[in-house]
1. Which residue is modelled with the lowest pLDDT, if the candidates are limited to the range 55-92 and must be of a type in the set (Ser, Thr, Tyr) and away from the ligand (no atom under 16 Å from the Cβ)?
2. Could you grab me the full set of residues in the range 18-54 that are within 16 Å of the ligand (Cβ to nearest atom), assigned to a loop (DSSP other than H, G, I, E, B) and surrounded by 15 or more Cβ atoms within 10 Å (Cβ to Cβ)?
3. Condition first: more than 23 Å from Gln44 (Cβ to Cβ) and surrounded by fewer than 16 Cβ atoms within 10 Å (Cβ to Cβ). Now tell me which residues in the range 65-83 satisfy that.
4. Show the residue pairs meeting these rules: Cβ distance below 7 Å; 6+ apart or different chains; first residue within the range 87-106 and more than 13 Å from Cys48 (Cα to Cα); second residue among the charged types (D, E, K, R) and surrounded by 21 or more Cβ atoms within 10 Å (Cβ to Cβ).
5. What number of residues within the range 59-97 are within 15 Å of the chain's Cα centre (by Cα) and among the acidic types (Asp, Glu)?
6. For the range 37-79, what are the residues that are among the β-branched types (Val, Ile, Thr) and in contact with a strand residue (DSSP E or B) (Cβ under 6 Å, 6 or more places away or on another chain)?
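The values are calculated or read from the model by the stated rules, or taken from the named source; none is laboratory data. In this text the structure is predicted, and so the values were computed from the model without any measurement. As a convention, Cβ positions derive from the backbone with ideal geometry for all residues, glycine included, and neighbour counts pool all protein chains shown.
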Amino acid sequence: MMEWWEEWEPSEEVPDKIYDLPVDYDELEWWERRDVRKQYIKEQQNMCFYCDERLDQDAPEYITEKRIDWDLFPSGFLDHPIHLQHDHDTGMTEGAVHSYCNAVMWQYEGR
Ligand SMILES: [Zn+2]
């Protein structure tokens, strides 16, 4: 089973199914997570849910200058630039974020 930090690169095709967001992340198959992430990117007009900067660019410096204890994260955490953030208590998706923002949210805010 895919872990929450494991994401797949978005493919070029537009997903057939439009999801009624938010959705329960734990109920999704990996390709549904990929499509849900793409839908969020589109609905957020390519802006990060967390820092509000463009998702096709790196996270801003005030984010990337924060010290991250990478021992808390699996290797390859930053391999995929855009992650699908979800609430770890309810399991409901929240939005698409930079992978670095995802690390900050987890380490500093427990999200
Ligand atoms: Zn961000």
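1. Step one: filter the range 55-92 for residues of a type in the set (Ser, Thr, Tyr), giving 62, 64, 75, 90.
Subset that is away from the ligand (no atom under 16 Å from the Cβ): 75, 90.
Working: Ser75: 89, Thr90: 95.
By that ranking, first place goes to Ser75.
2. Start the filter on the range 18-54 by keeping residues that are within 16 Å of the ligand (Cβ to nearest atom), which leaves 37, 40-41, 43-54.
So of that shortlist, the ones also assigned to a loop (DSSP other than H, G, I, E, B) come out as 44-46, 48-53.
Correct list: Gln44, Cys48, Phe49, Tyr50, Cys51, Glu53.
3. Glu65, Arg67, Asp69, Trp70, Asp71, Leu72, Pro74, Ser75, Gly76 - these are the residues of the range 65-83 that are more than 23 Å from Gln44 (Cβ to Cβ) and surrounded by fewer than 16 Cβ atoms within 10 Å (Cβ to Cβ).
4. So the pair list comes out empty.
5. Looking only at that region, the number is 3.
6. Ile41
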